[in-house]
Amino acid sequence: MFGIDPDKFTFADAQRLLYLLQPELVHIRQWIEKLPPRQRLAMALCACERLYPGYKSYANSMGVQDIMRGILDRLWLHVQGTDVTPAELDRFGELSNSATFGDDDTDLKFQAVVALRCMDFALGACRDGDAHSVMMACQCCRDTIHGMLGVKYAKEYGSPIEWYRIPVYNAKINSDPEMVRECEIETKQFHILLEYEVITPEVIEKLLAV
């Protein structure tokens, strides 16, 4: 299927399959590829910041350490020129992998899990500057909104949704004001990053004010 041998499935194959199934992501990646590495990372960090409040609320409710804030702050310093070392990146990855979650099945837990996944993509972008990692970080924001709106529209479309209604259901979610707003935020932040060759605290403040 899709010209992919399941016995020799690689990470590159996974990327190719993702773009085949969601062709709109190709355009997002092409946008991101126009940015230099530090600006790409800043784009990923902006996505992390949008998801951070949900993670923080969950960490506080569970009484566990907030591992996200310190890592994000360090990565923001990196985009301003204070380079992160490979050892730091390894330690940040270990911290993320050590995160614990309760047995609850709540929206807040979902937001926290996706927020950490977003940060993992940001760490990948910091390590190699790959546009795919940045695109996936942005996708985490859309996934969170999609999940929340899915609950909202489940009553209208039923659960589970009949297969023939899925395109209409997805179109409904993609045109919802919350999803439209998310896309507007990404677009505005992208253009800010195109405008500035050097990222300063003032640029970061401008990005996060969007």
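Quick note: the coordinates plus some simple rules give every number you see, no bench work behind them. For clarity, every value in this text was computed on a predicted model and none was experimentally measured. Cβ: placed from backbone, ideal geometry, glycine included. Neighbour counts: every protein chain shown.
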task: Spot the failing condition for GLY147; the list is (1) small (Gly, Ala, Ser); (2) free of Cβ contacts under 8 Å to residues at least 40 places away in the same chain; (3) more than 20 Å from ARG74 (Cα to Cα), and only one is missed.
output: (2)
field: The one condition in (1) crowded, with 21+ Cβ neighbours inside 10 Å; (2) farther than 15 Å from ALA122 by Cβ; (3) among the small types (Gly, Ala, Ser) that ALA47 fails to fulfil
entry: (2)
query: Quick one: what pairs do we get from segment 53-70, first residue closer than 10 Å to LYS109 by Cα, second crowded, with 16+ Cβ neighbours inside 10 Å and among the polar types (S, T, N, Q), C-beta under 9 Å, 6+ apart or different chains?
result: GLY54/GLN111; GLY54/THR144; TYR55/GLN111; SER57/GLN111; TYR58/GLN111
